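A short worksheet on the structure shown next.
The values are calculated or read from the model by the stated rules, or taken from the named source; none is laboratory data. Predicted model, so just to flag it, every value in this text is computed and none were measured. Here Cβ is always computed from backbone atoms with ideal geometry, including for glycine, and neighbour counts include all displayed protein chains. Each accessible area value is taken on the protein alone, full model and side chains, heavy atoms only, with ligands, DNA and RNA left out. Shrake-Rupley method; radii C 1.70, N 1.55, O 1.52, S 1.80 Å.
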Amino acid sequence: MGRKRCVGADCSKMAAGCCGVKKQKLSGSPGSGGPGGVGREAGWQEPDLCSGTNALSPAPAGYNTSGLSPNLSPGPGSGSGGRKMVVSAEMCCFCFDVLYCHLYGYQPPRTPRFTNDPYPLFVTWKIGRDKRLRGCIGTFSAMNLHSGLREYTLTSALKDSRFPPMTRDELPRLFCSVSLLTNFEDVGDYLDWEVGVHGIRIEFFNEKGSKRTATYLPEVAKEQGWDHIQTIDSLLRKGGYKAPITNDFRKTIKLTRYRSEKMTMGYAEYIAHRQHHHYQNGIGHPLPPYNHYS
């Protein structure tokens, strides 16, 4: 699988980083147009997007999440509809193992025990007390979880072009999130989605007539404090649309909404989880050190 990073372009396989970087100040409100549609504060960095074109079916029914620490946090939309979640703490542990083995030159971790069903997925890394974004890349193509998490753990940690590759020294301050994307629905109205519940993927034609796509995961709009219009306008700008954004143009957007199951684990929880469960499927070398924040 290629590792091409798509930014606004029409790509069929790869989807790169759709997590917010720093909270924006947006001027958008229903009906607002204007050349920018997005206000920027000094030193501000836009949230990045991910792009993709594959049409996806709802993911398979879930599995039970076992052995969760009280400190682990399922994300928005997790376990929606009352069904058991597929995403699990073991998936975050596995991502930490993969990264740890790579950075220290150990053999990759053994095959994990969690399901290997195919899902579209994203792996997100954040760092520090304020949980700054450190890498976020995934795919809208359904991948078997064992190989998909191996691949995107390292792609998001080492190949997100917004950041330098991760180092060993950063490990103790990292947080890992695994997002499995489900319940894709094409909708006729670009406002027919719920902030904090749905991720959205838009398709549109730019001022030169080229087809573009862009997406945000479900948590992005809520974390940024955006309403529907602000989120749509931000995606249009990130997808490369440079003309004034009018309400008539917004109505031409093709929008797909989806949900995600998300699990987040910090490095301290990773170490505790591996110690508690003896991590029989895990890496064969001693536990990595845990260094508390200085």
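Karplus-based coupling profile of region 184-194, in residue order and whole Hz: 6, 9, 7, 10, x, 10, 5, 9, 8, 7, 10, with θ = phi - 60° in 6.51 cos²θ - 1.76 cosθ + 1.60 and x standing for Gly or Pro. Over 30 Å apart at the Cα level, from the set 126/251; 126/238; 84/222, are 126/251. Between residue 275 and residue 223, the FRET efficiency estimated from the beta carbon spacing at R0 = 22 angstrom works out to 0.10. Take region 229-274 with all the other protein chains still there, run a 1.4 Å probe, and you get 30 Å² of accessible area per residue. Bridging of residue 211 to aspartates and glutamates at a Cα separation below 14 Å is possible for 10, 203, once same-chain residues fewer than 8 apart are set aside. Only protein atoms count toward the accessible area here, which uses a 1.4 Å probe; on region 191-252, the carbon and sulfur part of that area reaches 50 percent.
Taking amide H atoms as placed 1.01 Å from N in the peptide plane, the amide H of residue 182 lies under 5 Å from those of 259, 260, 261, each 5 or more residues away in sequence or on another chain.
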